[in-house]
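The values are calculated or read from the model by the stated rules, or taken from the named source; none is laboratory data. These numbers come from a predicted model, not from an experiment. In this analysis, Cβ positions are derived from the backbone assuming ideal geometry, glycine residues included, and neighbour counts consider all displayed protein chains. What goes into the accessible areas is simple: the full protein's heavy atoms, side chains included, and nothing from ligands, DNA or RNA. Shrake-Rupley method; radii C 1.70, N 1.55, O 1.52, S 1.80 Å.
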Amino acid sequence: MPTAARPVDVPTLEYYLAVSARSPIAVRLVLGHLLRSLRKDARIHAETAGRFIRGSEAKISRMERAQVTCKHNDVMDLLDFYGIKDAQVLTCFAEMVRISRQPGWWHRFDGVLPDWAGKLIGLQEAASIIRTYEVQLVPGLLQTATYTEAVVRQAYPLAPQDEVDERVELRAIRQNLLARQDAPRLWAVLDEAVLRRPMGGEQVMREQLQHLIKMSQLEHITIQIAPFNRPGCIAGGFPITHLRFDLPALPDIVYLEQLRDAEYLDKPEETQHYRSVLDSLAHAALSPQDSRDLLERALG
């Protein structure tokens, strides 16, 4: 017989919903985390839970790791098996399932958005802090439209104009999260090479540098430049994005993008390692004010 699960606090569930509701992916992660916690509190093995919903241990693992969207009946059956009877709690979980199954706004760009990239957008929508290190290009959230178009044309030289326009529009909509009243804090460290690479030509770069200066003056955005002449500003030559959330149910997540794929890390030892790398880079890089001065000098 399963042990009665620890009661779930309704205000906590409502808080999770309020904070993560803008992102179905975030809700899916929260839902998976809560289901795993309740199962462990009830001392039920994943294989046993899987059999109870006519599935398998692998299915429970996929649900708990948010690798699949949960079905309403499966979640309700599991909650009943875990000893959850409170009607308000069940209502909150039903709402989580409903939201988690909705497509994010970015799904209308499926034609140009790789499957692995959609998850990043959903996570950024729910993040409270976004830390990023870039070695070649201006971070997507800080790009101007003309700079984005230059990047897209270089990456997809044979793409028709309508596809280029769609990719530029997608990037612009993603940037709206920085203008929200509850915008996440963005902390970006850029290798100096980003400033010296004339993406799109001189005029495009001038507009981009001016935009970086303007964005760096916002309270919730910090931009630092890692100059060539500081050896501590080397981190393996690849971009890093670290995401933190105002939700105890969501662990930190590190996003590592490759040419045609991406990796998401959520184990504490992994995310802590990359956070330490970002801390070291920020410490070695120019201060925010000195970085702004360098940006202004780069304008000429």
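Can you figure out the FRET efficiency of GLU207 with ALA94, using R₀ = 35 Å and their beta-carbon distance, to the nearest 0.05?
The formula returns an efficiency of 0.15 here.
Rounded to the nearest 5, what is the percent of antiparallel bridges among the DSSP beta bridges in the chain?
50
Rounded, prolate or oblate for region 135-179? Axes are the square roots of the Cα gyration tensor eigenvalues, ordered a ≥ b ≥ c, and the cut-off for rounded is a/c under 1.5.
Here region 135-179 falls in the oblate category.
Probe of 1.4 angstrom, ligands and nucleic acids ignored: what's the accessible area per residue over the chain, in square angstrom?
50
Relative to the Cα centre, what is the charge dipole magnitude of region 1-123, using +1 at the beta carbon of each Lys and Arg, -1 at the beta carbon of each Asp and Glu, and rounding to the nearest 20 debye?
220
Leaving ligands, DNA and RNA out of it, report the carbon-plus-sulfur percent of the accessible area of region 1-123 at a 1.4 Å probe.
Of the solvent-accessible surface of region 1-123, carbon and sulfur hold 51 percent.
Is the shape of the chain best called rounded, prolate or oblate, per the rule: a/c under 1.5 gives rounded, else a/b larger than b/c gives prolate, else oblate, with a ≥ b ≥ c the square roots of the Cα gyration tensor eigenvalues?
Since a/c reaches 1.5 and a/b is larger than b/c, the shape of the chain is classed as prolate.
Compute the angle between helix 268-284 and the longest alpha-carbon principal axis of the chain, please, reported from 0 to 90 degrees and rounded to the nearest 10.
20
Arranged from highest to lowest average of other beta-carbon atoms within 10 Å per residue, in what order do the peptides 12-25, 285-298 appear?
In descending order of packing, they fall as 12-25, 285-298.
Could you tell me which of PHE93, LEU113, ALA183 has its Cα farthest along the dipole of the chain towards the positive end, charges placed at Cβ (Lys, Arg +1; Asp, Glu -1), taken about the Cα centre?
PHE93
So who's got an amide H within less than 5 Å of the one on THR222, skipping anything under 5 residues away but keeping other chains? H placed 1.01 Å off N, in plane.
Those lying under 5 Å, H to H, from THR222 are LEU186, TRP187, ALA188.
What shape does region 177-300 have by the C-alpha gyration tensor, where a ≥ b ≥ c are the square roots of the eigenvalues, rounded means a/c under 1.5, and otherwise prolate means a/b greater than b/c and oblate the rest?
prolate
I'd like the carbon and sulfur percentage of the solvent accessible area for region 163-256, probe radius 1.4 Å, heavy atoms only, ligands and nucleic acids excluded.
Ligands and nucleic acids excluded, carbon and sulfur give 50 percent.
Only Lys, Arg, Asp and Glu count, each charged at its Cβ (+1, +1, -1, -1), so figure out the dipole size of the chain about its Cα centre, rounded to 20 debye.
About 520 debye.
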